[in-house]
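Engineer: Starting off with a structure, shown below.
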Amino acid sequence: MVDSSSSPSDTLRDAILAGERAALARAITLAESRRADHREQAQTLIQQLLPHTGRAIRVGITGVPGVGKSTTIDALGSHLTAAGHKVAVLAVDPSSSRTGGSILGDKTRMARLAVDPNAYIRPSPSSGTLGGVAAKTRETMLLCEAAGFDVILVETVGVGQSETAVADLTDFFLVLMLPNAGDELQGIKKGIIELADMIAVNKADGDGAMAARAAAAQYKAALHILAPASPLWSTPVVTISGLTGLGLDKLWARIEDHRTRFETKGLIAEKRRRQDVKWMWAMVQDRLQARLRHDPALKARTPELEAAVAAGKLPPTSAADEIARALGL
């Protein structure tokens with residue numbers, strides 16, 4: 001029997017804690033909304049749910065387009081649900097420039113997880129945020145944890161600036177690579193390798209098996225040049241097949257080993273505290289940008305300032321000073 005005195009926020013909170021998927025979906029929609037009243041409701045709800053969050057393993061997964069991210073996540077997630085886990089996949093899509101909606105449709109690319117009762121897929125439009133990482137991915141992650149999901153997989157749009165953002169969201173960062181290491185090793189940024197907690201060469205099945213092993217050897221050699229980010233962990237390189245499931249059990253065992261080593265030393269909690277501080281500053285920046293977009297006087301004046309700077313009639317510093325003064329800075 002529902003308590004008639006309970007607020008809508010309390011009712012939604014209780015439904016999420018009970019694992020009701022429809023309630024989780026409603027809460028995520030509130031968190032993603034641009035309406036001020038929705039954002040306020042979402043923040044109240046998340047504050048209520050915070051004591052029930054933080055227990056999941058958070059894994060970021062990236063790779064170049066065509067590497068098989070969705071196929072691998074579908075296979076890995078199915079392997080994990082079969083082992084008794086509840087898996088949430090937060091797949092951050094490129095946004096439609098006109099509607100801001102998700103355009104890749106991850107549910108169609110993760111056929112098994114889409115119908116798995118112990119999995120939840122949430123495609124999230126990037127909404128133009130830096131590197132394509134959804135502005136509300138952190139809130140979505142907390143809501144999923146409160147709903148009982150103990151593994152959170154965050155899939156990025158692709159190799160680029162989004163990798164740094166996802167590394168700041170997760171406990172473990174997995175980079176998927178293609179077997180043709182020769183060309184890819186030349187083109188990949190050193191920064192991506194430095195972020196990786198593990199490299200997995202995908203498509204190591206059939207005719208690709210030998211090429212995948214050769215690629216793995218080259219990545220291992222490249223990693224020897226870099227000093228490990230932590231004395232507790234040297235970045236492993238494994239070969240897998242998202243198509244057949246080959247090697248996914250060993251891949252997950254490595255992730256669990258990393259979790260055990262770092263959690264024992266209190267380093268997972270320490271990393272999350274640092275991430276929370278970065279999250280705070282990211283939200284401050286988002287709110288300043290929102291002021292720029294929505295303040296009527298600034299909206300009218302900004303195009304004039306841009307035109308004046310572009311025409312060489314006004315120094316960029318003077319234009320920036322005027323905008324800062326309008327913001328009260």
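The values are calculated or read from the model by the stated rules, or taken from the named source; none is laboratory data. Since the structure is predicted, the reported quantities are computational estimates derived from the model, not experimental observations. When we count neighbours, we look across all protein chains shown, and the Cβ atoms used for this are built from the backbone with ideal geometry, even at glycine. These accessible areas exclude ligands, DNA and RNA; they are computed on the full protein's heavy atoms, side chains included. Shrake-Rupley method; radii C 1.70, N 1.55, O 1.52, S 1.80 Å.
Engineer: State yes or no: is R259 in contact with a Pro (Cβ under 7 Å, 6 or more places away or on another chain), surrounded by 14 or more Cβ atoms within 10 Å (Cβ to Cβ), modelled with pLDDT of 85 or more and under 23 Å from L174 (Cα atoms)?
Structural biologist: So R259 fails the test.
Engineer: Separate question: Within the range 278-286, is there a residue that is under 30 Å from Q43 (Cβ atoms), under 32 Å from the mean Cα position of the chain (by Cα) and of a type in the set (D, E, K, R)?
Structural biologist: Checking the range 278-286: at least one residue is under 30 Å from Q43 (Cβ atoms), under 32 Å from the mean Cα position of the chain (by Cα) and of a type in the set (D, E, K, R).
Engineer: Sticking with this structure for a sec: Quickly run through the range 27-71 and pick out the residues that are assigned to a strand (DSSP E or B), in contact with a Lys or Arg (Cβ under 8 Å, 6 or more places away or on another chain) and either modelled with pLDDT under 95 or not aliphatic (A, V, I, L, M) (or both).
Structural biologist: I61, T62, G63
Engineer: Related question: Any residue in the range 312-329 that's at positive phi: show its pairings with residues that are of a type in the set (A, V, I, L, M, F, W, C) and outside any loop (DSSP other than H, G, I, E, B) at Cβ separation under 9 Å, as long as the two are six or more apart or on different chains.
Structural biologist: Matching pairs, first to second residue: none at all.
Engineer: Same structure again: Are there any pairs with C-beta distances below 6 angstrom linking a residue in the range 76-88 that is crowded, with 24+ Cβ neighbours inside 10 Å to a residue that is part of a helix (DSSP H, G or I), with the two at least 6 apart or on different chains, and if so which?
Structural biologist: These pairs meet every condition: L76/L248; G77/L113; V87/G77; V87/L80; V87/T81; A88/C144.
Engineer: When you scan the range 236-250, do you find a residue that is exposed (fewer than 14 other Cβ atoms within 10 Å of the Cβ) and either over 19 Å from A200 (Cα atoms) or touching a Ser or Thr at 6+ places or on another chain (Cβ under 9 Å) (or both), even just one?
Structural biologist: Looking through the range 236-250, none of the residues is exposed (fewer than 14 other Cβ atoms within 10 Å of the Cβ) and either over 19 Å from A200 (Cα atoms) or touching a Ser or Thr at 6+ places or on another chain (Cβ under 9 Å) (or both).
Engineer: Okay, moving on. At pLDDT below 95 and among the β-branched types (V, I, T): does that describe V277?
Structural biologist: For V277, the condition - at pLDDT below 95 and among the β-branched types (V, I, T) - is met.
Engineer: Within the range 284-298, which residues are of a type in the set (G, A, S) and closer than 16 Å to S33 by Cα?
Structural biologist: A290
Engineer: Taking the range 28-52 as the region of interest, how many residues are more than 23 Å from Q289 (Cα to Cα) and open to solvent by 80 Å² or more (accessible area, probe 1.4 Å)?
Structural biologist: 2
Engineer: All but one of (1) under 23 Å from the mean Cα position of the chain (by Cα); (2) at pLDDT 90 or above; (3) on the phi > 0 side of the Ramachandran plot hold for G160; state the number of the condition that does not hold.
Structural biologist: (2)
Engineer: When you go through (1) touching a helix residue (DSSP H, G or I) at 6+ places or on another chain (Cβ under 7 Å); (2) open to solvent by less than 40 Å² (accessible area, probe 1.4 Å); (3) modelled with pLDDT of 80 or more one by one for A114, which number turns out not to apply?
Structural biologist: Going through the list (1) touching a helix residue (DSSP H, G or I) at 6+ places or on another chain (Cβ under 7 Å); (2) open to solvent by less than 40 Å² (accessible area, probe 1.4 Å); (3) modelled with pLDDT of 80 or more, A114 breaks only (2).
Engineer: Still on this structure: Quickly run through the range 314-329 and pick out the residues that are surrounded by 11 or more Cβ atoms within 10 Å (Cβ to Cβ) and assigned to a loop (DSSP other than H, G, I, E, B).
Structural biologist: Listed by number, the residues that qualify are L314, P315, L327.
Engineer: So how many residues does the range 175-221 have that are more than 18 Å from the chain's Cα centre (by Cα) and at pLDDT below 85?
Structural biologist: Residues that pass the stated criteria total 11.
Engineer: If you take the residues of the range 1-26 that are among the β-branched types (V, I, T) and open to solvent by 40 Å² or more (accessible area, probe 1.4 Å), which of them is modelled with the lowest pLDDT?
Structural biologist: Selected residue: V2.
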